[in-house]
Structure formats: structure tokens, C-alpha cells
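Structure record follows, encoded as C-alpha cells.
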Amino acid sequence: MKRRTRWTLVLVLAPIAVASILLSRLLLTDLPSPDTLYEHRSGISSRILDRHGRILYEITDPHAGHHTPVPLDEIPLPCRQATIATEDANFYSNPGVDILGIIRALWINVQGGEVLAGGSTITQQLSRNLLLGPQETSERTLVRKLRESILAWRIARTYTKDEVLALYLNEVNYGNLAYGIDAAARTYFGKTVAELGLAECTLLAGLPQAPAVYDPLASPDEAQERHQVVLGLMMDQGYISAEESRLAAQERLQFAATPFPIEAPHFVMYVRAWLEREFGLEPLHTEGLVITTTLDLDLQNTAVRIVRRHLERLAQAEDSPVHNVNNAALV
């Protein structure tokens with residue numbers, strides 16, 4: 001009788017053990033190490049500055065986009081709070097994974113349905129965007145969801161919460177080829193992230209979930225609806241009051257006329273051509289070079305105004321034929 005019981009246990013446990021080994025191999029094979037997280041960051045844009053440190057132009061990889069990482073303490077608190085409220089309300093207390101989301105994915109898989117995207121923590125999104133390959137990222141399968149969750153759990157044990165949040169805010173896609181919140185601030189508002197107010201922060205926080213759908217430059221109505229949702233989430237979680245939410249929703253936002261404008265274009269193109277000859281294109285697109293020039297932007301702008309005024313005076317001179325004067329140089 002005991003021998004029969006023993007064989008029954010073997011017959012029951014053996015398939016479970018084999019299935020566990022196969023599942024383990026499926027989930028863990030080729031899984032990247034969290035230690036390589038920073039190696040997968042987007043290439044950093046190079047910047048050409050005037051002598052006082054004001055940006056003249058940002059050189060970006062046309063196939064990648066604008067990317068200028070900034071420390072977490074330079075990102076306004078409302079931007080951080082809006083992102084947490086929108087993407088991962090329990091960010092500072094969860095273990096890096098959404099347990100309920102994993103259970104939901106398992107249940108959907110058991111029922112034979114498709115595992116849909118969404119509901120991932122900030123850490124899960126980071127693991128998916130930086131560590132999983134593009135092909136795997138596009139898959140909506142239970143295996144990908146579990147691999148993403150394992151990576152997120154490991155990341156949460158390798159890095160602090162602030163490090164994870166900083167990396168997320170500096171890497172996430174905000175649309176219009178802007179990667180990271182500083183690039184988004186420059187693209188949409190023509191200012192640095194440190195200059196953003198509550199209304200601007202909350203509008204940007206709503207973009208990563210669907211940048212093309214909520215693009216404020218192309219779809220202002222959809223962007224405004226999303227903006228209201230983010231403000232509501234911040235209010236529900238106690239980050240802002242109802243009055244602050246109302247005022248931010250009513251604020252008239254001033255969008256940049258030209259994302260990433262170029263100052264002193266002739267001078268900048270001369271500098272860029274010199275840089276390409278000296279260093280080549282790849283370092284300019286990926287290594288985040290900072291080039292401080294001798295140009296004083298205030299003097300440059302003053303010179304431009306003087307030249308334009310002089311050309312207008314020549315063209316409108318009284319008691320003389322019309323002058324075809326349309327160009328000038330100033331030394």
C-alpha cells in the first residue's frame with residue numbers, strides 16, 4: 001500500500017517539477033541583468049551654448065530624438081508627483097511590481113484571452129522599455145508580462161526608488177521625439193524642466209501613456225481631457241487641493257512656437273560643421289557633449305536688431321530711388 005502511494009506521488013509531482021523547470025527556463029533565459037540598466041539609456045544630445053551657458057542649439061540623432069538627462073532634484077516636485085499619481089500611485093511602497101496586475105494577466109491567460117498592456121508600475125515600464133528587446137516589448141503575452149515583472153522586482157532590489165524615478169523621468173517618451181522630461185519641457189514649452197509650473201507638469205505627465213493620442217500640439221482637445229484626468233488623480237491622492245486643480249485646469253498654457261529653436265543660426269551651423277570635422281557625427285548624437293562658445297547671445301541679438309533697423313532705413317530713404325538692400329554684415 002505504501003509503495004503504491006509513493007508511486008502515486010511520483011506520478012503527480014514529476015510533471016509539476018518538469019513544468020516548473022521548463023517555465024523557469026522560459027522566463028529566465030537571456031533575461032538581462034538589472035546592473036546593465038544605465039547601459040541601455042538613450043543617447044544624450046549635445047548642446048551648443050553661448051559664453052554665459054545659454055543654449056543656442058541642441059544636436060540630436062534624427063533617428064532617436066532629443067534627450068537631456070537632469071538630476072531628480074532639478075525636476076519640480078509637481079512633475080514628480082503628477083507622474084506618480086498617474087502611472088504608479090503606490091510607487092514608493094510597492095516591491096516594483098503590480099501583484100494584482102500579474103494575477104489579472106494570469107486569469108486572462110487561463111481564459112484564453114490576450115494579455116493587454118497597461119497597469120504596469122513605473123519600475124515595470126522601465127524594465128520593459130530599457131531591458132527587453134523591441135520585439136519582445138511589442139508582444140502581449142503572459143511570458144513577456146512575467147519576464148517584465150521579474151526584471152522589475154530585481155531592479156527594485158538593485159536601485160533606490162529615487163534612482164528608478166529619475167531614470168524613468170529621463171528616459172520615457174513624451175512624443176515629438178522628446179525623450180525625458182527636460183526634452184519634453186523644451187519641445188512643448190520652450191523652457192527647461194526646472195521652469196515648469198503645476199499646469200505644465202500635469203500636462204506632460206499625461207503624455208507617456210499615449211503620446212500620439214494626447215499630443216497637445218496636434219490634438220489639443222484630447223490633451224486637455226487627459227490634463228483634467230491627471231489633475232483629478234493628483235487631487236484624489238492629496239498632492240493638490242481642489243482649488244489648485246481648478247486653477248491649473250483653467251491656466252492658458254503657452255506652447256513653444258518652434259520646438260528646440262536655434263539661436264544665432266549662421267554661427268551655430270559654423271560651429272556644428274567644425275565639430276563634425278573634428279569628432280564625427282556619432283559622438284555629437286550620443287555622448288552629450290557640451291560646447292561653450294565665445295558668442296554673447298545678448299550682443300548677438302542686439303546686433304541683429306541694429307542691422308535690421310539699418311536695412312529698413314536704407315530701403316525707406318526719402319528723396320531717393322528704392323534701394324534693393326536686403327543683406328548686411330556687422331563687425
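The values are calculated or read from the model by the stated rules, or taken from the named source; none is laboratory data. It should be emphasised that the depicted structure is a prediction, and the values quoted were computed from it without experimental measurement. No Cβ is skipped: glycine too gets one built from the backbone with ideal geometry, and neighbour counts run over all protein chains shown. Only protein heavy atoms, including side chains, enter the accessible area calculation; ligands, DNA and RNA are left aside. Shrake-Rupley method; radii C 1.70, N 1.55, O 1.52, S 1.80 Å.
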Worksheet, complete the sentence: When every residue in segment 155-203 that is without any contact (Cβ under 8 Å) to a residue 24 or more places away in the chain and crowded, with 20+ Cβ neighbours inside 10 Å is compared, the one farthest from E251 (Cα to Cα) is A184
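Could you please let me know if H323 is open to solvent by 60 Å² or more (accessible area, probe 1.4 Å), modelled with pLDDT under 85 and either assigned to a loop (DSSP other than H, G, I, E, B) or over 25 Å from D61 (Cβ atoms) (or both)?
Working: open to solvent by 60 Å² or more (accessible area, probe 1.4 Å): yes; modelled with pLDDT under 85: yes; either assigned to a loop (DSSP other than H, G, I, E, B) or over 25 Å from D61 (Cβ atoms) (or both): yes.
Criteria met by H323.
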Discussion item. If I filter segment 199-222 down to residues being modelled with pLDDT of 95 or more and of a type in the set (A, V, I, L, M), which single residue comes out as nearest to Y168 (Cα to Cα)?
Written reply: A205
Discussion item. Every residue in segment 204-219 that is open to solvent by 80 Å² or more (accessible area, probe 1.4 Å) and either under 21 Å from L165 (Cα atoms) or in a helix (DSSP H, G or I) (or both), please.
Written reply: Q209
Discussion item. Condition first: in a helix (DSSP H, G or I) and in contact with a Leu (Cβ under 6 Å, 6 or more places away or on another chain). Now tell me which residues in segment 238-266 satisfy that.
Written reply: S245, A248, A249
Worksheet item: Out of all the residues in segment 271-289, which are open to solvent by less than 80 Å² (accessible area, probe 1.4 Å), outside any loop (DSSP other than H, G, I, E, B) and at pLDDT 85 or above?
Response: V271, R272, L275
Item to complete: Starting from segment 72-99, take each residue that is within 12 Å of L198 (Cβ to Cβ) and list its partners that are hydroxyl-bearing (S, T, Y) and in a helix (DSSP H, G or I), counting only C-beta distances under 8 angstrom and pairs at least six apart or across chains.
Response: P78/T202; A82/T202
Response to the item:
Selection over segment 33-61 where residues are over 20 Å from R128 (Cα atoms), surrounded by fewer than 18 Cβ atoms within 10 Å (Cβ to Cβ) and under 16 Å from the mean Cα position of the chain (by Cα) yields a count of 0
